[in-house]
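Structure first, commentary second.
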Amino acid sequence: MKITCFVPFGSENETQATVKELRNSELVAKIFITGSESKLFDVKGADWLSSGSLTSGSALKAIAAHSNTDYVLLYTRNSPLKLSQYALERFIRVAEDTGSGMVYSNFLAVKAGKIESHPLIDYQEGSLRDDFNFGSLLLYSTEKLKIAAASIDESLNHAGLYALRLNLSLIAPIFRIPEYLYTEEESDLRLSGVKIFDYVDPKNRGVQIEMEKVCTQFLKDAGAYLEPNFKPVDFRGEIFPVEASVIIPVRNRVRTIEDAIRSVLSQKTNFTFNLIIADNYSTDGTTELIEKYATKNPRLIHLIPDRNDLGIGGCWNAAAEHPLCGKFAVQLDSDDLYLDETTLQQVVDTFYREKCAMVVGSYRMVNFDLQEIPPGIIDHKEWTPDNGRNNALRINGLGAPRAFFTPVLRCIKVPNVNYGEDYALGLAISRYYQIGRIYNPIYLCRRWDDNSDASLSVEVMNGHNLYKDRIRTIEFLARKALNAGK
């Protein structure tokens, strides 16, 4: 068994070091240095392949054309590669034993001079997000790579590698080796709470358009694409005590819950509304603070659930089932605020105008003192009425604030978890119903040390991503079954 390797051009020293490392293995038959540069210097043991970035469709077409060995190895970083003992032998053996089209592994990351373990997560049918972390070393079956690359749009600048992976998943498994088979230099040292917003940064808009195009075509090929046909929503049936209820699940947020309460009670509307706070057994003074407001304002319902095994999703279910819950249930997190006194009115108006079962607004990122911080306004303009429900399987969230037609919310239920419950609910609703959007900011999203995703370890982030991928898998399979008439 032999391997053809493709390495992007970095600096001369970095490129030389990676080529030398690969040349130490007898399995490596040929090495190409990829890039749009002309031949800048001689690299012993490697040839130049004039191509665009490895993320481009043209580069992957060229790679497929220049691959004549059993396997293809892509290294996607510019920094020097260091392989562990018999790493390439292990890659090939697992690829052969599992019949995989692509194999990847855990790795060691050098961060600020320190080596840290970087475990990855398994690929599954719902791993459709374009930022799935495979690490930087990918081994492909050449035969299957050629098949997957044949239908890639050569004009793609950013989504070529994404298209290759999706196409490949239709014909062969993608398999993770739970071993640390190489070491790479980690250049992105930002906190998790900063990285998660890359996909909605306006400067990446062109990238997102390409990614959506590729994902949509994949869903069509896989039988999971949904046409823009939606169930009608009838708001005239059930009688509710109020038109809208703001729901706040909370546990130990004494520093922020008062701001949230005032934000709700200051809303100006032409309809009746109330505030239901599901207080999940707080111990830091939050309970007493809520009760102080509840005794003075009958619109505030202080709900302490009758069970103590609830996450955020379970608290949402308890509030939605409350007999005083309104026709529309509107989200507010316990450390966030509405932008101004018109937020609730705008949300309810959108329900009636767009005849939808769920409404999602836009928000402004702020610090604890409510000062705007990058990336500023998150408006999720990648959502379109015709294709939003499909693109939702690719992105990592739907936005905020979220609001629901209560009968639909009560029917579907919210998963009883503390992370991703809103995304799971939104995907399930979008399978049948239209989701309305508000693209002007109506919400202030605070980023501070106690946020659920402000600064997470690799292991915790992996757990979150694994759960969201599982949610996507459930939805992906459900949509395939729906299209098949099952």
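Table for the structure above
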| read-out | value |
| --- | --- |
| Residue in the stretch 307-322 that is loosely packed, with under 15 Cβ neighbours inside 10 Å and more than 33 Å from the chain's Cα centre (by Cα) present | no |
| Of the criteria (1) part of a loop (DSSP other than H, G, I, E, B); (2) without any contact (Cβ under 8 Å) to a residue 12 or more places away in the chain, which one Pro305 fails | (2) |
| Matching residues, the stretch 361-382, being over 26 Å from Glu258 (Cβ atoms) and buried (at least 21 other Cβ atoms within 10 Å of the Cβ) | His380 |
| Given (1) at pLDDT 95 or above; (2) out of contact with any strand residue (DSSP E or B) (no Cβ under 7 Å at 6 or more places or on another chain), index of the condition Gly193 fails | (1) |
| Check on Phe134, more than 19 Å from Glu26 (Cα to Cα) and crowded, with 19+ Cβ neighbours inside 10 Å | yes |
| Count of residues meeting criterion [touching a Leu at 6+ places or on another chain (Cβ under 7 Å) and either among the acidic types (Asp, Glu) or more than 15 Å from Phe6 (Cβ to Cβ) (or both)] in the stretch 153-167 | 1 |
| Count of the stretch 323-344 residues which are out of contact with any strand residue (DSSP E or B) (no Cβ under 9 Å at 6 or more places or on another chain) and within 19 Å of Pro241 (Cβ to Cβ) | 1 |
| Complete set of residues in the stretch 6-21 that are closer than 12 Å to Gly35 by Cβ and either among the aliphatic types (A, V, I, L, M) or modelled with pLDDT of 95 or more (or both) | Phe6, Val7 |
| Cβ-Cβ under 6 Å pairs, at least 6 apart or on other chains, the stretch 209-231 side polar (S, T, N, Q), far side modelled with pLDDT of 95 or more | Thr216/Asn390 |
| Residue in the stretch 225-245 that is outside any loop (DSSP other than H, G, I, E, B), touching a strand residue (DSSP E or B) at 6+ places or on another chain (Cβ under 6 Å), at pLDDT 95 or above and more than 30 Å from Pro80 (Cβ to Cβ) present | yes |
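Residues are listed down the side, and each one gets a yes or a no for (1) assigned to a loop (DSSP other than H, G, I, E, B); (2) under 23 Å from Val207 (Cα atoms); (3) over 24 Å from the mean Cα position of the chain (by Cα):
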{"position": "Asp122", "(1), (2), (3)": "yes, no, no"}
{"position": "Gly126", "(1), (2), (3)": "yes, yes, no"}
{"position": "Asp131", "(1), (2), (3)": "yes, yes, no"}
{"position": "Phe134", "(1), (2), (3)": "yes, yes, no"}
{"position": "Lys146", "(1), (2), (3)": "no, no, yes"}
{"position": "Glu154", "(1), (2), (3)": "yes, yes, yes"}
{"position": "Arg165", "(1), (2), (3)": "no, yes, no"}
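Results for (1) more than 12 Å from Phe405 (Cα to Cα); (2) of a type in the set (Lys, Arg), shown as yes or no for each residue.
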site	(1), (2)
Leu303	yes, no
Asp306	yes, no
Ile312	yes, no
Cys315	yes, no
Cys325	no, no
Phe328	no, no
Tyr338	yes, no
Thr350	no, no
Lys355	no, yes
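The values are calculated or read from the model by the stated rules, or taken from the named source; none is laboratory data. Being a predicted model, the structure only gives us computed values, none of them experimental. So basically every Cβ, Gly included, is an ideal-geometry build from the backbone, and we count neighbours across all protein chains shown.
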